[in-house]
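*Asks:* Could you have a look at this structure, given as structure tokens, before my questions?
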Amino acid sequence: MGLRHVSVGFGSVQALHTDPSLFRTGLPLTGLAVYLTVDPAQPPTPLENMKRELSGMMQAAGYRVVYGDPRAPLRNAAVSALVVMDLRGRCGMPAGNYRVEPSATSGADLAETAVSNGVVLPFSHINCGNLTRLVSPVLAEEVATRRDFLCGRAMARVAVHELYHVMLGSLKHRREGIAKPSFSVADLLDEYFDFDCVTLALLRQRAGQAESTTPRQ
Ligand SMILES: [Zn+2]
């Protein structure tokens, strides 16, 4: 089940404002361990931006994300869910003048999560090459810090789409927001792109169930 890119005009309007009444403010967050594997050539700044953005989006859905390394499993981490996320290739652009590579073609895979006999498994990967090729023609116009910020946020949006499949164990997609089956460049780079209200409510419900069954330490 892969997340694809579709070619949609840049700057399309997204009406995905989160209903503030849905926020679980004050309620405990459910621990979610995300084990990241990255390419040795992965630039650190977009990765750090991705982690921060991903944490914020998942927190709104009821999860407190802790990051780990699959080679050194987290000990004593109070988590009730675990996902392994592999960043394949290099997500991000080098500083300075950047030679714009040909943009990814429509239909290019951005990410994928493993499915076996219809069961969603907690193993996802991001195709960094496709993601970088897709956003780089736009980001080439930006200064390095802004590139790294926007690239990290785009990575987070793609990663959160896969986390949505894993956390809900669902192969389904929605018509809007993070759970859409394919993302445009605008979805990746626009200022606002978030969960649709139904997906957000489902994730919070699932997080609440996990929280209530996690033994207190
Ligand atoms: Zn999907």
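*Asks:* Rounded to a whole number of µm²/s, how large is the Stokes-Einstein D of segment 100-200 at 4 °C and 1.567 mPa s, given Rh as the Kirkwood radius over C-alpha pairs?
*Replies:* Stokes-Einstein gives a translational diffusion coefficient of 91 µm²/s.
*Asks:* On each of the three principal axes of the Cα atoms of segment 40-180, give max minus min coordinate, whole Å, ordered largest first.
*Replies:* 44, 34, 27
*Asks:* Using the Kirkwood radius over Cα pairs, work out the Stokes-Einstein diffusion coefficient for segment 123-180 at 25 °C and 0.890 mPa s, in µm²/s as a whole number.
*Replies:* 195
*Asks:* Tell me, what is the FRET efficiency for residue 77 and residue 209 to the nearest 0.05, using R0 = 30 angstrom and their Cβ-Cβ distance as r?
*Replies:* 0.95
*Asks:* Of the chymotrypsin sites (Phe, Trp or Tyr not before Pro) in segment 148-193, which ones lie in a loop per DSSP and count no more than 12 other C-beta atoms within 10 Å?
*Replies:* Here the chymotrypsin sites (Phe, Trp or Tyr not before Pro) that fit, given the DSSP loop and packing criteria, are 192.
Values quoted throughout were computed directly from the atomic coordinates according to the rules given, and no laboratory measurement underlies them. For clarity, every value in this text was computed on a predicted model and none was experimentally measured. Here Cβ is always computed from backbone atoms with ideal geometry, including for glycine, and neighbour counts include all displayed protein chains.
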